[in-house]
Amino acid sequence: MSDNNFGIRPKESYLTIPVKTGENDAGVKAPVHQIQYNLDTEERERRFVESQYPTEAQRERYYWYRREWHRRAEEMDPGEIPLAVTIELVSTCNLACTMCYTITEEFQNTVVGAQRMLPWPIVKRIIDEAAELNVPSILFSWRGESTLYRWRDGATVITFPDVLKYARQKGILEITSLTHGQLIDEEMAKAIVDAEPSWISFSFDGLFEQYNRIRTPPNVKRDDYDAFRTVVDNIKRLVALRDAAGKKRPQIRSNTIYPAIAKDPKGYRDYLTQLGVDMITVNELLDLRSGEVPDHMLMENWACSYPFQRLTVSANGIVIPCTGAHKEQSGLVLGRYSGSPSKVVRNVDGTPADVETPEMSLREAWFSSKLKNIRELHKAGRRAEIHPGCRHCNHGVKKFGADRLPEEWDLDNMTWVDQERKG
């Protein structure tokens, strides 16, 4: 994968601002897109972006938002509003992928058993506030599978496409979601096209048998169920319905961990291109089996850009500054979104954590004293002091590039050789 047109390269390389060391940041750096890369041409990446925005004014705002995303990483400046809000509709999933942290014991102890779907009145309230603040982007997914979303609102059942449509009606610029895509039937596909989200990203790990090793639902016992063929047909359906309606949205993205395509990345890219996928991305495989990051794996002179760019509201209603805190670690819990029910934040061992969860709006969370302190610790190169939280976040571990194959990864069976992370 060394050619210039189709090599693995950083996302948004045409927007990247070189990171400089400032006078007040202790030499710390906050890089952007550190584990996700593009497996596509820059031309297709631009087309993917510009197809989402039919007017020049929308395109100008989008490029402002993305340049501001990079600038905040460089200058570690939070600005006046979050640039993006992640709203986790569902924290559960019907798959059990071998590399996913949701199947680990620590995740089960801290999150499972809590509220698994964010109530529609809360979702609607967050969208309304984001629109009022002029937040450019909302991602409607995080740890779980958003297409599972169902919420009865009186006589009406609110589903995943309904949420996307409401955000579009409220004028949110970038509306996105990740999915494994196996539940997008004809009815849902039509509703998604009607809602016009900016893009839908399919987690698409490998082709044929390789995909099925990772992404076949554990409760599917039928010999005739082919997870790969199911998601292929669903992508084709979504693309065909979009094109038949004369629309450019949603654009279709795909993402994979590199080991799933290591034997033939070009064949993978070509297959998805022919399938109708508009942009193809690839992630470095990170070892998420343990909550402990050994000292030798911690990146020095590194800070996270997320506290300066985004907020996340979990399906529990908990407000945190990033999507890296997948266990809702108490060191990063800012509070709970206004109107959300009380929740006990738990430690990795399942015991209650000593942390308050006051009700707050997005604006209040953005200017909260706890988030301000988190930012200051990152700027000072002291983020490891945020524990539990940033000290053991996998975003802050040393990276080796997207095409790395960890020694402990079984490439044939697509799973970790050992159950426990060695560090």
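The values are calculated or read from the model by the stated rules, or taken from the named source; none is laboratory data. Treat the numbers as computed from the prediction; the structure is a model and nothing was measured. Here the Cβ is made from the backbone with ideal geometry for all residues, glycine too, and neighbour counts use every protein chain on show. These area figures cover heavy atoms from the full protein model, side chains too; ligands, DNA and RNA do not enter into them. Shrake-Rupley method; radii C 1.70, N 1.55, O 1.52, S 1.80 Å.
Per residue of the chain, what 222 nm ellipticity follows from adding -39500 (n - 2.57) for every DSSP H run with n ≥ 4, rounded to the nearest 500?
Helix contribution divided over all residues of the chain: -8500 deg cm²/dmol.
Rolling a 1.4 Å probe over the protein heavy atoms of segment 149-197, with every protein chain left in place, gives an accessible area that is 47 percent carbon and sulfur.
Could you do me a favour and compute the accessible area per residue for segment 272-379, 1.4 Å probe, result in Å²?
I get 37 Å² per residue for this part.
The aspartates and glutamates within cross-link reach of residue 124, meaning a Cα-to-Cα straight distance under 14 Å and a gap of 8 or more places when in the same chain, are 88, 132, 153, 162.
The convex hull around the C-alpha trace of the chain, projected and averaged over every direction, spans 20.0 square nanometres. Given segment 184-243, what whole percent of its Cα pairs are spread farther than 19 Å? Every Cα pair in segment 184-243 considered, those over 19 Å come to 37 percent.
May I ask you to work out the translational diffusion coefficient for segment 191-304 at 20 °C, viscosity 1.002 mPa s, via Stokes-Einstein with Rh from the Kirkwood sum over Cα pairs, reported in whole µm²/s? Translational D for this selection: 131 µm²/s.
Treat every Asp and Glu Cβ in the chain as -1 and every Lys and Arg Cβ as +1, leave all other atoms uncharged, and give the resulting dipole magnitude about the Cα centre to the nearest 20 debye.
700
For segment 150-222, the alpha carbon convex hull comes to 127 Å³ per residue, rounded to a whole number.
Quick check: net charge around residue 385, other residues with Cβ under 12 Å of its Cβ, Lys/Arg +1 and Asp/Glu -1?
+2
Among the chymotrypsin sites (Phe, Trp or Tyr not before Pro) in segment 220-275, those placed in a DSSP loop whose Cβ has at most 16 other Cβ atoms within 10 Å are 225. Residues with beta-carbon under 13 Å from that of residue 11, excluding residue 11: net charge, scoring Lys, Arg +1 and Asp, Glu -1? Result for the neighbourhood of residue 11: 0.
Per residue, segment 145-212 exposes 37 Å² of solvent-accessible protein surface, assessed with a 1.4 angstrom probe and all protein chains in place. Per the Debye formula on identical point scatterers at the alpha carbon atoms of segment 357-423, with no solvent, log10 I(q)/I(0) at q = 0.28 Å⁻¹ is -1.27. Here is the size of segment 272-376 from its Cα atoms: Rg then Dmax, 16.8, 52 Å.
Beyond 23 Å in Cα-Cα separation lie the following of the pairs 379/399; 29/399; 263/327; 165/370; 11/170; 372/398: 263/327; 165/370; 11/170; 372/398.
Peptides 350-363, 190-203 ranked from most to least packed by the mean count of surrounding Cβ atoms within 10 Å: 190-203, 350-363. Here's the list of aspartates and glutamates a cross-link from residue 266 could span, going by alpha-carbon distance under 15 Å and ignoring same-chain residues fewer than 8 apart: 3, 40, 205, 403. Normalising by residue count, segment 257-334 has a Cα convex hull of 173 Å³ per residue.
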